[in-house]
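Visitor: First, the structure itself, so that you have it in front of you.
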Amino acid sequence: MKSLSPIIKPEDLTWLNQDEEIVIVDASAGSKSRYEEQHLSGALFVDVNEDLANIGDYAIGGRHPLPTAEQFAQVLQKLGITAHTHVILYDDKNAGNAAARLWWMLRSIGHEKVQVIDGGFQAAVQAGFPTTNKVEIPKSVEPYRVSSWNLPLSDLNEVEKVSKTEDHIVIDVRDANRFAGLTEPIDTIAGHIPGATNIPYTENLGTDGRFLTPAILKDKYEHALVNIQPENVIVHCGSGITACHTLLAMDYAGLPIPKLYVGSWSEWSRNNKEMILANS
């Protein structure tokens, strides 16, 4: 059986099997008001901060640490998602950052039938998918049995141990100015982890805001990861959200999904670790 692509083109949404158990989820970060004004017909809303993270002390896990598996199971039940559901995700950023985070979380619990809309909300609207402002009611379902996160994860200690070694690569997907320490709009210190390589997640997209083709993405990352074993690739960002965009891109390219360092720069920069700053 051919595996399901992690990306679905908005033009293909009309071909979804209406007899199939489908749940569409709007993961627009901080945009509940926009969702209430207009969302894709049938879409349910998840809150990045409340549903996709377990926020506490930023120095322990960063700004968006993962919730527990049990907490995530409650979110899935709230959305009417079962192990058999075909889940379609989008957000209101064409890059799909928050949608990619939810995609990673679902894949990490073993849920295979999950796809992110290429180009997000606007692309779906432009492709003619209907929108509404009505309140959507999820199906009542049994609890989703979730035991643990199964995709590879990294942590502060491992990143500190391997970031400067030649047989590992730590990829920072933030934009070049944040990586260089020239600007930092969110966290308290501007800079990057010593030894990290900057590959901005925006480079996964073409000028139209859609993902590059799998072949182009595969060539791009194979070139960047030459002589590095898949298990030695760690990806991070500011708080573990946009890093998932690159994990999604690599999976779309047919490459192994690397380790996600959820704490990312928001955790690293608050723990008195060595940092490369703009004037270093």
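The values are calculated or read from the model by the stated rules, or taken from the named source; none is laboratory data. Keep in mind the model is a prediction, meaning the values are calculated, not measured. Ideal geometry is used to build each Cβ from the backbone, glycine not excepted, and the neighbour counts take in all protein chains shown.
Visitor: Being within 20 Å of His245 (Cβ to Cβ), part of a loop (DSSP other than H, G, I, E, B) and in contact (Cβ under 8 Å) with a residue 40 or more places away in the chain is true for just one of Gly42, Gly61. Which residue is that?
Guide: The match here is Gly61.
Visitor: Still on this structure: So if I check each of Ala99, Ala83, Ala53, which one is at pLDDT 95 or above, surrounded by fewer than 20 Cβ atoms within 10 Å (Cβ to Cβ) and not in a strand (DSSP E or B)?
Guide: Ala83
Visitor: Sticking with this structure for a sec: Picking from Leu153, Leu205, which residue would you name as being buried (at least 18 other Cβ atoms within 10 Å of the Cβ) and on the phi < 0 side of the Ramachandran plot?
Guide: Leu205
Visitor: Evaluate segment 23-30: report whether one residue or more is surrounded by fewer than 22 Cβ atoms within 10 Å (Cβ to Cβ), at pLDDT below 95 and over 21 Å from Glu112 (Cβ atoms).
Guide: yes
Visitor: If you don't mind, another one. Restricting to segment 1-22, what's the tally of residues that are of a type outside the set (Lys, Arg), closer than 26 Å to Ile109 by Cα and surrounded by fewer than 12 Cβ atoms within 10 Å (Cβ to Cβ)?
Guide: 6
Visitor: Residues to consider are Val146, Val135; find the one that is of a type outside the set (Ser, Thr, Tyr) and surrounded by 19 or more Cβ atoms within 10 Å (Cβ to Cβ).
Guide: Only one candidate qualifies: Val146.
Visitor: Moving on. Just to be sure, is Gly96 within 14 Å of the chain's Cα centre (by Cα) and in the same structural domain as Gly119 (by TED's automatic domain parsing)?
Guide: Details: within 14 Å of the chain's Cα centre (by Cα): yes; in the same structural domain as Gly119 (by TED's automatic domain parsing): yes.
Answer is yes for this residue.
Visitor: Same structure, new question: Looking at (1) within 20 Å of Ser28 (Cβ to Cβ); (2) in contact with a Leu (Cβ under 8 Å, 6 or more places away or on another chain), can you tell me which one Ser154 breaks?
Guide: Just one mismatch for Ser154, condition (1).
Visitor: Just give me the residues in segment 17-39 being closer than 17 Å to Val75 by Cα and either hydroxyl-bearing (Ser, Thr, Tyr) or touching a residue at least 40 places away in the same chain (Cβ under 8 Å) (or both), in sequence order.
Guide: Within segment 17-39, Ile22, Val23, Ile24, Val25, Asp26, Ala27, Ser28, Ala29 qualify.
Visitor: Scan segment 72-92 and report the pairs whose first residue is within 13 Å of Leu52 (Cα to Cα) and whose second residue is acidic (Asp, Glu), with Cβ atoms within less than 7 Å and a gap of 6+ or a chain change.
Guide: Val75/Asp51
Visitor: So which pairs qualify, if the first residue must be in segment 211-226 and over 13 Å from Ile171 (Cβ atoms), the second must be of a type in the set (D, E, K, R) and part of a helix (DSSP H, G or I), the Cβ gap must be under 8 Å, and the two must be at least 6 apart or on different chains?
Guide: Qualifying pairs under 8 Å: Leu212/Lys220.
Visitor: Something else: Residue check, Ile276 against (1) surrounded by 13 or more Cβ atoms within 10 Å (Cβ to Cβ); (2) over 29 Å from Ile55 (Cβ atoms), all met but one. Which one?
Guide: The single condition Ile276 does not satisfy is (2).
Visitor: I'm trying to understand the selection: among the residues of segment 8-39, which are within 19 Å of Ile81 (Cβ to Cβ) and not in a loop (DSSP other than H, G, I, E, B)?
Guide: Those that are within 19 Å of Ile81 (Cβ to Cβ) and not in a loop (DSSP other than H, G, I, E, B): Ile8, Leu13, Ile22, Val23, Ile24, Val25, Asp26, Tyr35, His39.
Visitor: So which pairs qualify, if the first residue must be in segment 127-149 and of a type in the set (Lys, Arg), the second must be in a loop (DSSP other than H, G, I, E, B), the Cβ gap must be under 8 Å, and the two must be at least 6 apart or on different chains?
Guide: Lys139/Gly80; Arg145/Ala83
Visitor: Just the residues that are more than 19 Å from Val116 (Cα to Cα), of a type in the set (Val, Ile, Thr) and at pLDDT 95 or above, please, taken from segment 187-225.
Guide: Initially, segment 187-225 is screened for residues more than 19 Å from Val116 (Cα to Cα), giving 187-200, 219-225.
Still in the list and also of a type in the set (Val, Ile, Thr): 188-189, 193, 197, 199.
Matches in segment 187-225: Ile189, Ile193, Thr197, Ile199.
Visitor: Take the residues in segment 159-176 that are under 21 Å from the mean Cα position of the chain (by Cα) and in a helix (DSSP H, G or I); name whichever of them is surrounded by the most Cβ atoms within 10 Å (Cβ to Cβ).
Guide: Val159
Visitor: Across segment 109-140, what is the total count of residues that are part of a helix (DSSP H, G or I) and of a type in the set (S, T, N, Q)? Even if it seems obvious, please write down each step before you answer.
Guide: Within segment 109-140, the first condition is being part of a helix (DSSP H, G or I), and the residues that meet it are 120-126.
After this cut, where a residue has to be of a type in the set (S, T, N, Q) as well, the list is 122, 126.
Going through segment 109-140 one residue at a time, the tally reaches 2.
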